[in-house]
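First comes the structure, then the notes that go with it.
The values are calculated or read from the model by the stated rules, or taken from the named source; none is laboratory data. A quick note: this is a predicted structure, and the numbers were derived from the prediction, not measured. Cβ: placed from backbone, ideal geometry, glycine included. Neighbour counts: every protein chain shown. Keep in mind that these areas ignore ligands, DNA and RNA; they rest on the heavy atoms of the full protein, side chains included. Shrake-Rupley method; radii C 1.70, N 1.55, O 1.52, S 1.80 Å.
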Amino acid sequence: MNRISSIDFVRGFVMIIMALDHTRDLIHVDSLTQNPTDLSSTSIIMFLTRWITHLCAPTFVFLSGASVFLYLQKSGLEETRSFLLKRGVWLIIVELTIVTFGLWFDIRFHIFSFLVIGAIGFGLLALAMLLKASPRMVGAIGLIIVFGHNLLSLAPDFPLRNIISPLFGPAAFPITQQTLLIIGYPPIPWLGIMLIGFSCGNFFDSPFLIRRGLFLKVGLSFLMVFIILRIINVYGDNPWTSQKDFWFTFLSFINVTKYPPSLLFVLLMLGIMFMLFAFTDDVNNGLTRAVTVFGKVPLFYFIVHFYLIHIILLGVLFIQGFAWTDFDFSASTFGRPKDVASGVGLGMIYLIWMCVVIFLYPVCKWYGEYKAKNKDVTWVKYL
């Protein structure tokens with residue numbers, strides 16, 4: 001399948017800002033004790049540093065669905081289904097092993113994490129079962145999930161609630177006395193986003209002016225529905241409230257819930273994503289070509305950037321005077337010593353983030369070129 005530059009650009013853009021979030025999460029001095037979107041304790045710049053990265057996961061998941069549609073047009077039903085089943089299982093394995101270790105650096109695996117890569121893997125398995133349905137039907141199912149999954153939190157208790165609730169919301173399960181499975185990205189709400197992406201896959205096959213019009217119409221529609229529902233303030237997320245000034249009230253208005261992705265979260269983030277496509281599609285310059293380098297190798301980048309940021313964290317801890325014996329890898333602190341101040345301020349976080357992106361550029365460019373020259377190598381298709 002020939003690559004679509006607009007997909008690679010938008011995906012590359014969100015991958016770059018994703019590295020900012022993970023740098024902040026692992027290395028910022030207050031990341032273990034402060035919620036950056038808690039309006040009672042955050043600053044505007046800290047809130048926006050976290051909030052802008054909300055765009056990443058829904059864009060990843062949406063584009064995974066769109067890519068499946070495009071793959072299906074080229075490869076046919078049976079080949080696509082076979083590929084999705086294999087890749088879905090592979091991504092879940094990668095999540096529970098390579099990504100989990102990259103996040104925690106815990107060789108004893110006290111925590112297994114089911115995050116965005118696992119959610120995409122689950123979505124691919126589910127989508128493999130829906131390939132015979134029309135894109136409109138698949139999209140309708142996705143919209144029903146996105147608009148309806150918040151109802152579970154409003155429903156009265158029922159016998160199967162405890163069994164199915166981890167499919168809809170974050171959960172933690174003890175595997176042994178010392179091992180925990182954390183579901184941070186519950187699969188059903190994210191599946192809804194992927195199904196919407198599949199149903200919009202034909203946008204990318206349309207002529208430029210038509211697809212730009214589609215991106216604008218859908219993006220504006222999503223944003224208008226978000227604004228209307230948010231003003232009504234009764235469904236789709238936690239209510240917004242008046243704050244100490246206009247700007248914090250505005251932050252409250254856009255402070256949508258990611259875990260799980262609420263209806264308003266999806267409307268706002270996908271609305272922004274569609275507008276991004278509308279205004280950057282068919283733009284070709286040095287900046288877009290550089291950003292596209294990252295978008296061509298998403299899983300490779302995702303894995304490598306986590307390990308790189310975590311290694312930088314260990315270097316920061318050594319520079320701050322900690323010894324290896326001070327590190328704690330079993331307590332969900334990424335190795336940072338418990339109950340002891342560590343990490344760096346927000347300005348240094350931005351500097352480290354930029355260094356990470358600059359360092360990864362030639363690495364991703366090399367792998368992207370290798371991948372393009374070795375399309376028939378089986379393992380390349382999965383990384």
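Some notes on this structure:
- Beta bridge orientation in the chain: antiparallel %, DSSP, nearest 5: 50 percent
- Compactness index (Cα Rg / 2.2 N^0.38 Å), the chain: 0.98
- Its DSSP H runs of at least 4 residues, each contributing -39,500 (n - 2.57), put the calculated 222 nm mean residue ellipticity of the chain at -20000 deg cm²/dmol, to the nearest 500.
- Highest mean first, the peptides 359-367, 97-105 sorted by other C-beta atoms within 10 Å per residue fall in the order 97-105, 359-367.
- Model label sites at D339 and F279, defined 7 Å from Cα along the beta-carbon direction, differ in position by 4.9 nm.
- Listed residue pairs exceeding 28 Å between alpha carbons, taken from K258/K381; K74/K296; K217/K371; K132/K381; K86/K375; K258/K371: K258/K381; K217/K371; K258/K371
- Between the stretch 51-107 and the stretch 193-209, the alpha-carbon center distance in angstrom: 17 Å
- Under a 5 Å amide H cut-off, with hydrogens placed 1.01 Å from N, G335 pairs with D328 among residues at least 5 apart or on other chains.
- The slack in the chain from S330 to V377, taken as 0.36 nm per residue of separation less the alpha-carbon distance, amounts to 13.2 nm.
- Between R161 and S206, the distance separating the two model label sites (each 7 Å from Cα on the Cα→Cβ line) works out to 4.2 nm.
- Axial C-alpha extent at least 20 Å, average Kyte-Doolittle at least 0.5 - helices from the chain (DSSP): 5-27, 56-75, 77-94, 208-232, 263-280, 298-319, 346-373
- With every protein chain in place, the chain: carbon and sulfur % of accessible area (1.4 Å): 67 percent
- Near the amide H of Q243, within less than 5 Å, lie the amide hydrogens of T249, all on another chain or at least 5 residues away, with H placed in the peptide plane.
- Highest-fluctuation residue, S67, S342, S165 considered, GNM on the chain with Cα pairs under 10 Å: S165
- FRET efficiency for the L287 to I311 pair, using the beta carbon distance and R₀ = 45 Å, is estimated at 0.95.
- Rh by Kirkwood over Cα pairs, then Stokes-Einstein D for the stretch 18-105 at 1.306 mPa s and 10 °C, µm²/s: 100 µm²/s
- Computed with a 1.4 Å probe over protein heavy atoms only, the accessible surface of the stretch 25-144 comes to 41 Å² per residue.
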